[in-house]
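To keep things clear, I will list the structure first and then write my remarks on it.
The values are calculated or read from the model by the stated rules, or taken from the named source; none is laboratory data. Here the structure is a predicted model, which means the values were calculated and not measured. Reconstructed Cβ throughout: ideal geometry from the backbone, glycine too, with neighbour counts over all protein chains shown. Note: areas computed on protein heavy atoms with side chains; ligands, DNA, RNA excluded. Shrake-Rupley method; radii C 1.70, N 1.55, O 1.52, S 1.80 Å.
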Amino acid sequence: GSAISGGMSFEQKKRLSIAVELAANPAILFLDEPTTGLDSRSAQIIMRSIQRVAASGRSIVCTIHQPSAVIFDAFDSLLLLKRGGQTVFFGELGHHSAHLIEYFESIPGVAPKPPASNPATWMLEVIGAGTGPSAGGTMDFHAFYNQSALCGINTTHVKALCPTPEPDIEDDIETGVNVADSGDVLIDNFSTHANLGNYDITGTTEPVYKYNATYSAQFKLLINRFHLAYWRSPTYNFVRVVVSSLIALIFASTYAQQKYTTDVDVIARVAVVYISAMFMGVVNMKSVQPVILEERPAFYREQFSKLYDVKLYVLAATLVEIPYLIVTSLCFVVPFFFIVGFDQGDVTVKFFWYWLYSALYMSVMVFLGHFLSSSMKDAAAVDVLGGMLSTVISLFGGFLIRPELFPDFWIFMYWLDPLHYVIEGLAVTQFNRDHTLVTLTGSGQVVTAHTYMHSFYTEWRYAHRGYDVMALCLFIIVLRVGTYFSLKYVRHDKR
């Protein structure tokens with residue numbers, strides 16, 4: 001949110017971004033202009049927070065743009081570059097930038113720093129990067145730095161920290177060191193070790209984790225996170241429950257306890273099953289897309305910091321969805337099933353099958369929304385592709401065109417359509433052993449509703465109901481796997 005809508009302010013978002021990076025427990029933290037866009041008070045709050053983090057033992061590297069004297073004084077060291085990326089100064093600033101001022105004033109042709117002036121502004125004017133003319137004349141500050149004692153000290157320090165390896169033509173297998181004949185390639189034991197999952201398989205018994213928390217801790221925290229996020233999203237969960245109930249009441253009241261005495265009446269009964277299932281699927285797919293798109297930027301930031309495994313993220317999102325899908329499907333099925341009048345014969349069995357197929361199809365469409373939102377670039381692309389898929393699903397579901405009438409070229413779409421398995425399962429389970437007598441239009445023959453359904457939809461069988469459930473479950477698995485690969489390998493952020 002924004003400060004206007006009651007959300008976080010710009011300064012609070014900056015601090016939250018830093019906190020998210022710190023959750024990965026990094027040894028070094030890079031911050032790109034953390035005070036840009038903030039007023040002086042907010043900038044000082046950010047810098048105090050950064051100083052507290054630095055005091056805990058972490059190294060922090062910041063790029064800074066035109067800092068005030070107070071903010072500039074908060075830094076310990078400075079790397080100053082001129083245009084072209086050439087080093088002009090690299091060292092400790094000292095108290096109130098005393099070392100920096102002493103260094104530049106020692107350069108021939110540089111005027112002393114005016115009293116009470118900002119050292120950051122003064123040094124930029126000296127090297128010609130300020131708003132006014134250069135205060136350093138024609139001096140080549142990069143060349144002066146290369147010949148200075150400060151550069152010599154820094155070079156010696158770097159060589160001490162990163163010693164040049166001795167050339168060796170033999171491979172030390174036990175240490176994992178492999179040095180080429182030229183002596184300029186060094187591969188340490190970390191790069192030659194193979195990893196399996198989160199563990200090192202080179203013989204050590206100590207687990208080497210890619211993340212700062214174990215899989216169980218990550219999974220527990222992700223479950224809690226999604227649970228709180230869903231609980232705090234009434235615009236998503238409460239609305240879809242209400243919409244499901246309203247759709248059930250609207251469609252059911254239209255077909256309330258209607259008698260079916262002809263074959264046309266039977267087809268009309270199948271039609272309301274088809275149209276209500278299709279409508280509920282589209283509503284669930286569309287409602288979840290804004291939620292996932294809003295969550296995606298935070299996921300990208302957290303993945304950049306390697307806070308958790310993507311597999312656990314997808315699994316947690318799946319498990320947290322299940323209770324809401326159960327409630328939503330029940331809110332639809334309970335009024336619809338009884339008002340339309342499917343409560344004939346073995347009511348318990350018929351109700352169970354109707355709820356199971358409805359819940360599975362809603363799950364397929366919700367997870368299709370997850371997949372589209374995680375793989376497409378923006379909301380416009382998701383809406384376009386989602387609308388196209390909804391049309392294709394409704395066309396090849398097997399009701400508008402019976403399976404036996406499909407052209408041979410398009411029959412594969414019938415088998416790839418999740419709505420086909422839902423409509424087949426609902427039709428055969430609700431009309432199974434239905435001995436209601438119906439009159440066939442034209443011939444005047446009287447048969448049972450069960451017999452007519454079996455003769456009209458020759459490809460649909462009661463024995464297929466278990467396979468229909470397995471097919472819907474397979475769709476869910478494929479969509480979740482697709483979502484995992486999209487989140488892991490597809491990036492639409494600008495980082």
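Worth pointing out:
- Farthest toward positive dipole pole in the chain [+1 Lys/Arg, -1 Asp/Glu at C-beta], among V447, N118, L221: V447
- Phi angles across segment 412-418 convert, under the Karplus curve 6.51 cos²θ - 1.76 cosθ + 1.60 with θ = phi - 60°, into 3J(HN,Hα) values of 5, 5, 5, 6, 8, 9, x Hz, Gly and Pro given as x.
- For V88, nonlocal amide neighbours, meaning residues 5 or more places apart or on other chains whose placed amide H falls under 5 Å from its own, are L80, L81, K82.
- Relative packing of peptides 471-484, 325-338 - highest average C-beta neighbours within 10 Å first: 325-338, 471-484
- Highest average packing first - 378-386, 52-60, Cβ atoms within 10 Å: 378-386, 52-60
- Among 150-161, 282-293, 223-234, the order from most to least packed when residues are scored by Cβ within 10 Å on average: 282-293, 223-234, 150-161
- Dipole moment magnitude, nearest 20 debye, the chain about Cα centre, only Lys, Arg, Asp, Glu C-beta charged: 1900
- Phi-derived couplings, Karplus 6.51 cos²θ - 1.76 cosθ + 1.60 at θ = phi - 60°, listed residue by residue for segment 91-100: x, 5, 7, x, 5, 6, 6, 5, 5, 5 Hz, with x used for Gly and Pro.
- Student exercise, segment 402-495 dipole from Lys, Arg, Asp, Glu Cβ charges, in Debye to nearest 20: 640
- Protein accessible area in the chain, 1.4 Å probe - carbon and sulfur %: 63
- Bridge type composition, the chain - antiparallel percent by DSSP, nearest 5: 70
- The magnitude of the dipole of segment 10-161, with charges of +1 and -1 set on the Cβ of Lys/Arg and Asp/Glu and taken from the Cα centre, is near 340 debye.
- Percentage of interatomic Cα-Cα distances in the chain larger than 31 Å: 63
- Taking every DSSP helix (H) stretch of at least 4 residues in the chain, weighting each as -39,500 (n - 2.57) and dividing the sum by the residue count yields a mean residue ellipticity at 222 nm of -18500 deg cm²/dmol.
- Spatial offset of segment 419-495 relative to segment 287-351 amounts to 20 Å, using the alpha carbon center of each.
- Backbone HN-Hα couplings from phi across segment 368-375 [Karplus 6.51/-1.76/1.60, Hz, Gly and Pro as x]: 5, x, 4, 5, 4, 5, 8, 9
- The Cα center of segment 257-280 and the Cα center of segment 354-368 differ in position by 19 Å.
- Rounded to 5, the percent of DSSP beta bridges in segment 10-161 classed as antiparallel: 55
- Accessible solvent surface per residue of the chain, calculated while the other protein chains remain in place, 1.4 angstrom probe, Å²: 55
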